[in-house]
Every structure is written in C-alpha cells, then in structure tokens.
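As structure tokens, the structure follows; a few thoughts come after it.
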Amino acid sequence: MAPPARPEIVIGLDVGKSSHWACVVTREGELLASKPVLNRENAIDGLYAQYPGALVVVDQVRNIGSLALSRARLAGMPRAYLPGLAAHGASRLFAGDAKTDERDAMVIAKTALGIPDALLPVADRPP
C-alpha cells in the first residue's frame, strides 16, 4: 500500500529493541502525541487504534521495525520508510542538534509531511 501524498495524520516511529518513540502529528503540523511505546503487539495496537488510517513511518524496516510495520499492515494503515541518510539530512531542518529518540521521531513524522518524496514504500511480505 503506497503512502498518501498528504496524510491527515502521521505516526513517526524511532524504533528500538524494547520500545519505540512515537511522534504523532497532523497534516497542519499539530503535535498530538510524543511518547514511548513498548515494542509489544498490544502497546503498538493501542497506539494505532487511537489514530486509525494514519500513515506509519519508521526509520528501520527490518528486525526492530518489523513488528510495528506488521501491526500497521494488519490494521490496514499505510506504511513508509524514511532511510537513515534522508533522516539525517532532514534533521538539519529542525531546531536543536541533540540526538534523542523523541527528536528523531519528530524528524521522521514532520519529514513525512513536508518532504514526502524522501519516503520509500514498504513492501508487503506474506504474514
């Protein structure tokens, strides 16, 4: 499923082994949430249930990002990947230079909104 050009809501996930940092923003750039989410099905599903139809964007598609992507797929949500090089370049467009999970998730979400051409589609894999 290809991500929409201008989604209503984007969930940017800076993925990690035990938890992810989620930044949820609207098309207009309003911050709806910025919080850690455990890397467990029920926690991820709970986040997605709050924002049905949102575009889910991750910074890693394999291993630690795979559960977040597979749960989004099962929820029928569009998914995309922001490659590390694009995320690094985009991070220069935002205030601050500290590398934190919270800031990285914000960069992922806001880059998805402002520079959608930086995103790559996520290939569907058999369950």
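Collect the residues in the range 58-110 that are among the β-branched types (Val, Ile, Thr), out of contact with any Leu (no Cβ under 9 Å at 6 or more places or on another chain) and modelled with pLDDT of 85 or more, keeping them in residue-number order.
Within the range 58-110, the subset among the β-branched types (Val, Ile, Thr) is 58, 61, 64, 100, 107-108.
Still in the list and also out of contact with any Leu (no Cβ under 9 Å at 6 or more places or on another chain): 64, 100.
Of everything in the range 58-110, just one residue is among the β-branched types (Val, Ile, Thr), out of contact with any Leu (no Cβ under 9 Å at 6 or more places or on another chain) and modelled with pLDDT of 85 or more, namely ILE64.
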Exercise. Applying the selection to the range 111-127, what residues are in a loop (DSSP other than H, G, I, E, B), at pLDDT 85 or above and either touching a Lys or Arg at 6+ places or on another chain (Cβ under 8 Å) or among the small types (Gly, Ala, Ser) (or both)?
Worked result: VAL122
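Report yes if VAL37 is among the hydrophobic types (A, V, I, L, M, F, W, C) and touching a residue at least 40 places away in the same chain (Cβ under 8 Å), otherwise no. Lay out the reasoning, then the answer.
On the way: among the hydrophobic types (A, V, I, L, M, F, W, C): yes; touching a residue at least 40 places away in the same chain (Cβ under 8 Å): no.
Taking the combined requirement at face value, the residue does not satisfy it.
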Exercise. How many residues, within the range 10-57, are surrounded by fewer than 20 Cβ atoms within 10 Å (Cβ to Cβ), within 14 Å of LYS110 (Cα to Cα) and not small (Gly, Ala, Ser)?
Worked result: 6
Exercise. Which number in (1) under 14 Å from the mean Cα position of the chain (by Cα); (2) over 14 Å from VAL10 (Cβ atoms) marks the one condition that LEU31 misses?
Worked result: (2)
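The values are calculated or read from the model by the stated rules, or taken from the named source; none is laboratory data. Not measured: the values here are computed from a predicted model. Heads up, the Cβs are rebuilt from the backbone with ideal geometry, glycines too, and the neighbour counts pull from every protein chain shown.
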